[in-house]
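These notes are about the structure you will find just below.
The values are calculated or read from the model by the stated rules, or taken from the named source; none is laboratory data. Just so it is clear, the structure is predicted and the values come from calculations on it, not from any experiment. So basically every Cβ, Gly included, is an ideal-geometry build from the backbone, and we count neighbours across all protein chains shown.
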Amino acid sequence: MSAPARVLELANASVLVFPDRVSACQVAAERVAHALRSAVATRGRAVLGLATGSTPEPIYAHLVALHREGTLSFANVSTYNLDEYYPISPLDPNSYRAYMHRHLFRAVDLPANQAHVLDGTVPASAAAEHAAQFDRWIAADGGLDFQLLGLGRNGHIGFNEPSELAAEAAMRLPTRLVDLHPVTLADAAKDFGDESRVISRALTVGVAPILAARSILVVAFGPNKAEAVAQSLRGPITAQVPGSLLQSASGKVTWILDEAAAGDI
Ligand code: F6R
């Protein structure tokens, strides 16, 4: 397995800095696989919180490779994805359901009824109840053994966007329907072809269920993440930088970065 170039043990997190994304994603995938195997070994099943976006694509490719080698099974796994655009059809290639199908679900032995993605087709009047039901299902599944996170350029985790809430209130946020932040809309323009076509709302798993995960891995690459990474790790705990709320989950958060993303720490 690749070794990180640097390991930083901060007060609230372990940070592994890699020279390149390829080795970083290989180690991130090994961590996901390890969490899955340990949970299955100790309690017969694993519950994983999963992220989408460009950062985890190679991580999923590694997990698929481990599955094809015969060393990783998803048969006893439940997955809960962090977010989904709203409204969106699961058939839309920009839906996160379609993303998960492309990058993981179609290539592994995860039973279809154990792969949970927030439903971008529920009527608006039922969205709050659907989100609350998602949280109840995670809880009924025994809570998340492991949460994989990316980090937005604006510091968002899932689609928990920067806000003026008190940090304590932000940490209690449940799964819910949200408006996307201008930076998130600008960054999604590449997927939708044009910023005016980006879907401006989303369902997101809340900060509270993310923080309740038994282990959290945040992966961020590139110079445009450096400021959000540094503010999340070293700045005050504030809802204006949702990644900083992870400092309150001290002892169970690991960050995997490349040198560019670690540049401002
Ligand atoms: C995606 C998600 C987002 C992304 C973040 C980084 O499910 O929850 O928080 O992780 O926007 O996206 P990328 O990896 O595309 O830079």
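Annotations for the structure displayed:
- Only listed residue being within 20 Å of LEU211 (Cβ to Cβ) and not polar (S, T, N, Q), chosen from ALA169, ALA186, ALA127: ALA169
- Selection count where residues are away from the ligand (no atom under 12 Å from the Cβ) and assigned to a strand (DSSP E or B), scope the stretch 204-216: 1
Let's see how each residue does on (1) within 12 Å of the ligand (Cβ to nearest atom); (2) among the hydrophobic types (A, V, I, L, M, F, W, C):
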position	(1), (2)
VAL218	yes, yes
PHE221	yes, yes
ALA226	no, yes
VAL229	yes, yes
GLN240	no, no
SER248	no, no
THR254	no, no
GLU259	no, no
GLY263	no, no
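- Residue within the stretch 89-109 that is farther than 26 Å from PHE192 by Cα and modelled with pLDDT of 95 or more present: yes
- From HIS116, HIS62, residue being out of contact with any strand residue (DSSP E or B) (no Cβ under 7 Å at 6 or more places or on another chain) and either buried (at least 17 other Cβ atoms within 10 Å of the Cβ) or not charged (D, E, K, R) (or both): HIS62
- Unmet criterion (only one of (1) closer than 19 Å to VAL219 by Cα; (2) in a loop (DSSP other than H, G, I, E, B)) for ASP119: (1)
- For the stretch 177-191, residues that are farther than 18 Å from THR52 by Cβ and either of a type in the set (A, V, I, L, M) or within 14 Å of the ligand (Cβ to nearest atom) (or both) total 1.
Listed here are the residues, each with its yes/no results for (1) in a helix (DSSP H, G or I); (2) surrounded by 16 or more Cβ atoms within 10 Å (Cβ to Cβ); (3) touching a residue at least 12 places away in the same chain (Cβ under 8 Å).
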position: GLU164; (1), (2), (3): no, no, yes
position: GLU168; (1), (2), (3): yes, no, no
position: ALA202; (1), (2), (3): no, yes, yes
position: LEU246; (1), (2), (3): yes, yes, yes
position: GLY263; (1), (2), (3): no, yes, yes
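Residue-by-condition table, conditions (1) closer than 18 Å to PRO90 by Cβ; (2) free of Cβ contacts under 8 Å to residues at least 40 places away in the same chain; (3) away from the ligand (no atom under 16 Å from the Cβ):
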| residue | (1), (2), (3) |
| --- | --- |
| ASP119 | yes, no, no |
| ALA127 | yes, no, yes |
| LEU149 | no, no, no |
| PHE159 | yes, no, no |
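- Among the conditions (1) within 11 Å of the ligand (Cβ to nearest atom); (2) at positive phi, GLY143 misses just one, which is (1).
- In the stretch 2-10 there is no residue matching the filter, namely being in contact with a strand residue (DSSP E or B) (Cβ under 6 Å, 6 or more places away or on another chain), surrounded by 22 or more Cβ atoms within 10 Å (Cβ to Cβ) and not acidic (Asp, Glu).
- Of the residues making up the stretch 17-53, just one is among the β-branched types (Val, Ile, Thr), farther than 26 Å from THR204 by Cα and under 17 Å from the mean Cα position of the chain (by Cα), namely VAL27.
- Taken as a whole, the condition of being outside any loop (DSSP other than H, G, I, E, B) and within 16 Å of the ligand (Cβ to nearest atom) does not apply to LEU8.
- Residue check, GLN147 of a type in the set (S, T, N, Q) and not in a helix (DSSP H, G or I): yes
- Residue count for the stretch 35-62 under the criterion of being within 16 Å of the ligand (Cβ to nearest atom), more than 12 Å from ARG214 (Cα to Cα) and not aromatic (Phe, Trp, Tyr): the result is 12.
- Matching residues in the stretch 27-47 - criterion: being surrounded by fewer than 22 Cβ atoms within 10 Å (Cβ to Cβ) and not in a helix (DSSP H, G or I): GLY44, ARG45
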